[in-house]
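Presented below is the structure to which this report refers.
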Amino acid sequence: PQTNPWVGELMAVITRYVEPPQRDPHAPGPFSLGERDHLCAILDQAGFKDIELTVWKGDQFLGGMGADAAAATEFALHATFIGDLLAEASEETRRQATDELVEMLRARETERGVAMKGTVWLVAARVG
């Protein structure tokens, strides 16, 4: 999440309402493959060779191209771990967090959608 501002911005809102659980950074889940050495070790153990990782940084469109702040918020709450963090919260807390997410994401709306900075690995490798 440190290299993915889109997550940091969403989490900054969510953590005002709930405390996220501590988790093992290598346990299955979002960003568990974010460390280069860890990802390469997994691919190597799976039999891949000549592993090449390239970093891509740029705009990611939360909720897809053309989504507005409300649609991007719905996506974040229903298709990512963000919604899981609010699952046990009261209805009022979920409403307040949702409203704040929509407001925060309005500032990221563009003609193409809700643009948020992100980072991904582009992986190339060959089998055995």
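Just so you know, all these numbers are worked out from the coordinates, no wet-lab data involved. From a predicted model like this one, the values you see are computed outputs, not experimental measurements. As a convention, Cβ positions derive from the backbone with ideal geometry for all residues, glycine included, and neighbour counts pool all protein chains shown.
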#### Entry: Selection from Thr98, Gly113, Ala87 lying farthest towards where the dipole of the range 14-128 points positive, charges on Cβ
Gly113
### Summary
Gyration tensor (Cα only) of the range 1-88 to equivalent ellipsoid, semi-axes in Å sorted down, yields 28, 18, 11
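Could you work out the relative contact order of the chain, using alpha carbon pairs under 8 angstrom and six or more residues apart, expressed as a whole percent?
Numbers: 159 pairs, mean separation 51.7, N = 128.
Computed over the chain, the figure is 40 percent.
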### Task
For an R0 of 41 angstrom, estimate the FRET efficiency from the Cβ-Cβ distance between Ile42 and Glu74 and round to the nearest 0.05.
0.80
### Query
So how strong a dipole does the range 68-128 carry about its Cα centre when Lys and Arg Cβ are +1 and Asp and Glu Cβ are -1, to the nearest 20 debye?
500 debye
### Query
Rounded to the nearest 20 Debye, what is the dipole magnitude of the chain about its Cα centre when Lys and Arg each give +1 and Asp and Glu each give -1 at the C-beta?
360 debye
### Summary
Shape descriptors of the range 29-128 over alpha-carbon atoms, Rg and Dmax in angstrom, are 17.5, 53
### Query
Kirkwood hydrodynamic radius (Cα pairs, Å) of the range 58-117?
11.6 Å
